[in-house]
Amino acid sequence: MDRERLASALEECGLLLELKGENPFKTRAYANAGRIVRALEVEPAEWIESGDMPKTKGIGKALAEKIETLVGTGELPYLEDLRLEVPEGLREWLKIPGLGPKKARAIHLALEISTLGELEYACKENRLRDLEGFGKTSQAKILRGIERVRSHAGRFLQSVALEEAERLRTLLAAIEGVRRVEIAGSVRRRMETSKDIDLVVVAESPEAAMDAFAGDESVHEVTGRGDTKCSVVLKSGPSADLRVVSEAAFPFTLMYFTGSKDHNVAIRARAQSMRLKLNEYALEPVDGGDPPVCGDEAAIYAALGLAWIPPELREDRGEIELAEANTLPALLEIGDLRGVLHCHSSWSDGSATIEEMAEAARERGWSYLGLCDHSQAAAYAGGLDPARVIEQHVAIDELNARFAGEFTVLKGIEVDVLADGALDFDDETMARFDLVVASIHSRFGLPRDEQTKRLRRAVASPWVDVVGHPTGRLLLARDGYAIDLRAVLSAAVEHGVAVEVNAHPRRLDLDWRELAWGLPRGLVTSINPDAHRPEGLDDVRYGVGTARKAGVTPDRVLNAWPLARLQEWLGERKARAAATAT
DNA sequence: GCCGTTTTCGGCCCGACTGTTTTCAGTCG
């Protein structure tokens, strides 16, 4: 049993206990255990064998026993029983805004229904309206919520959420009397997907700020409004919350609503241990006395004996300890990028010429572009055969001659990894490239062992410099193929191969959690836009967000290196590969 | 369920908002 499956099983226990109406702290203990497992550095079996498992904070006697059973037998009778007790459809109800475990349970018991469809029907039949604790308004709200669950599954890509958040920030900043406005929440932390958008403002007239926010034409519906908070649903799908606070409270509110929840809990516990109380308005001594003056987030962290923690790292994954020791990484910034690798042109499935792509990269201040069109096996994408490769290289040589050293197009390829792990070209053709990205585009359904073996074999090929979108996931659409990713990452480290962070907002693959696992083991990455048109180059911003979440510093990113260093690295690899091939 | 330098029971982060209620429980972040 791997970490993911163990964590899911524990979290499912927590969820089912919640729906059963158990002690909320008990349910939290299971959810917490799930999080602990997901953040493990080792496989569960090793965790148990080493004897560390029962010693882990948050794992007591009961959880230790259940984890041993799960890992040992692959099953947990306790969970099986819970599943029988709680109908499956009930879990879906929790995605409906305003419907939590207590109310879901109350409806289930009173009306003896348990699916989304039944709930919808019950609302339309006015059966919720007459239930104790419910009414006409909440029935209508639940009905709208069901539609929302169906149409959007409740989460949105970072690209959608960030774009909307930035537009709203601009809108609010332009209002007279608005002194400060910032994006908070998971968008600020650059999560790969977000449920909603959070904004915090300081305004001379909160009314005016909320009026502008609620009245904007992008707003579909105003779902709540009080003295300090206004909630809306946007036409584009996400909901957005605006909070208006005083100048003095601003940094506290910003920090609070940036989260993550786990980070906040840990920070509050730290404050408590220092006899301080932290909330979204202030930091105050428990025993009275003057609260420390905090004009910005950095001052709040400083008052808690910590260095300022970049929002992307606030996930309670060790960042607080680093901040305490003042050893937080100097994270990659978008301005650190010197070029991009892995882009397509009209030679395969891109929509722009090589020159147009190169010019677009130049306009963005970069000095090189790794052109990696598809190889022949990707026939659906117009993959190049060996003859077309030679033609393309002539075209690139001509273009580079015109750039006269001011800009360089690298002769790359996104070579298909065939089902058995072999590359899509023979050594003669492979030897022609400056840069090789190896990706899987077919046979996603292979068994986990075979898929792992396949990609490990590709990583071990001396021609390969970078692994492309290593899991093949499409966010909110398709899970990645079954693979032992950490085995692949370990192989990449062993062979000095980089693993890309595919920056397409639908991919963000490699996942930041796995990248964070690889970094202390020596993993090198590359922020690859995988652009199929010039504007696609701007997707690197999402990849940079992902890299920052993982704690990536510029020295670990191929395309943050100056061209000379990159070429030296690629040249050495190619020389070794050529020697092996003969 | 877990935890413990006030330790084996009693607390576990905490405040705003909503919709239902005449004083509050549930949800959310």
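The values are calculated or read from the model by the stated rules, or taken from the named source; none is laboratory data. Note that the structure is a prediction, hence the values are computed from the model and not measured. Using ideal geometry, Cβ is built from the backbone for each residue, glycine included, and neighbour counts are taken over all protein chains shown.
Quick notes on this structure:
- Any hit, the range A:353-371, residues being among the polar types (S, T, N, Q) and surrounded by 19 or more Cβ atoms within 10 Å (Cβ to Cβ): no
- Any hit, the range A:332-355, residues being assigned to a helix (DSSP H, G or I), of a type in the set (G, A, S) and touching a Cys at 6+ places or on another chain (Cβ under 9 Å): no
- Residue tally, condition crowded, with 18+ Cβ neighbours inside 10 Å and closer than 25 Å to A:A33 by Cα, over the range A:310-337: 10
This table checks each residue for (1) in contact with a helix residue (DSSP H, G or I) (Cβ under 7 Å, 6 or more places away or on another chain); (2) at pLDDT below 95; (3) of a type in the set (G, A, S); (4) surrounded by 17 or more Cβ atoms within 10 Å (Cβ to Cβ).
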{"site": "A:H393", "(1), (2), (3), (4)": "no, no, no, no"}
{"site": "A:T408", "(1), (2), (3), (4)": "yes, no, no, yes"}
{"site": "A:G421", "(1), (2), (3), (4)": "yes, no, yes, yes"}
{"site": "A:S439", "(1), (2), (3), (4)": "no, no, yes, yes"}
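- Across the range A:257-291, the qualifying residues are those that are in contact (Cβ under 8 Å) with a residue 40 or more places away in the chain and among the hydroxyl-bearing types (S, T, Y), and the one among them that is surrounded by the most Cβ atoms within 10 Å (Cβ to Cβ) is A:T258.
- A:S461 being surrounded by fewer than 19 Cβ atoms within 10 Å (Cβ to Cβ), polar (S, T, N, Q) and in the same structural domain as A:C343 (by TED's automatic domain parsing): no
- Count of residues meeting criterion [within 14 Å of DNA strand B (Cβ to nearest atom), assigned to a helix (DSSP H, G or I) and among the polar types (S, T, N, Q)] in the range A:55-93: 1
- All positions within the range A:94-106 that are part of a helix (DSSP H, G or I) and touching a Ser or Thr at 6+ places or on another chain (Cβ under 9 Å): A:P101, A:K103
- Against the test of being closer than 30 Å to A:S260 by Cα, polar (S, T, N, Q) and either not assigned by TED's automatic domain parsing to the domain that holds A:L476 or not in a helix (DSSP H, G or I) (or both), the options A:S114, A:S186 yield a single qualifying residue, A:S186.
- Condition met for A:S236 (touching a Leu at 6+ places or on another chain (Cβ under 7 Å) and more than 7 Å from DNA strand B (Cβ to nearest atom)): no
- Restricting the range A:261-306 to residues that are hydroxyl-bearing (S, T, Y) and either outside any loop (DSSP other than H, G, I, E, B) or assigned by TED's automatic domain parsing to the domain that holds A:R180 (or both), the residue that is nearest to DNA strand B (Cβ to nearest atom): A:S273
- Per-region count, the range A:214-236, residues among the basic types (K, R) and out of contact with any His (no Cβ under 7 Å at 6 or more places or on another chain): 2
- Members of the range A:516-542 found to be of a type outside the set (F, W, Y) and in contact with a Leu (Cβ under 7 Å, 6 or more places away or on another chain), listed by number: A:G518, A:L523, A:V524, A:T525, A:S526, A:I527, A:N528, A:P529, A:A531, A:V540
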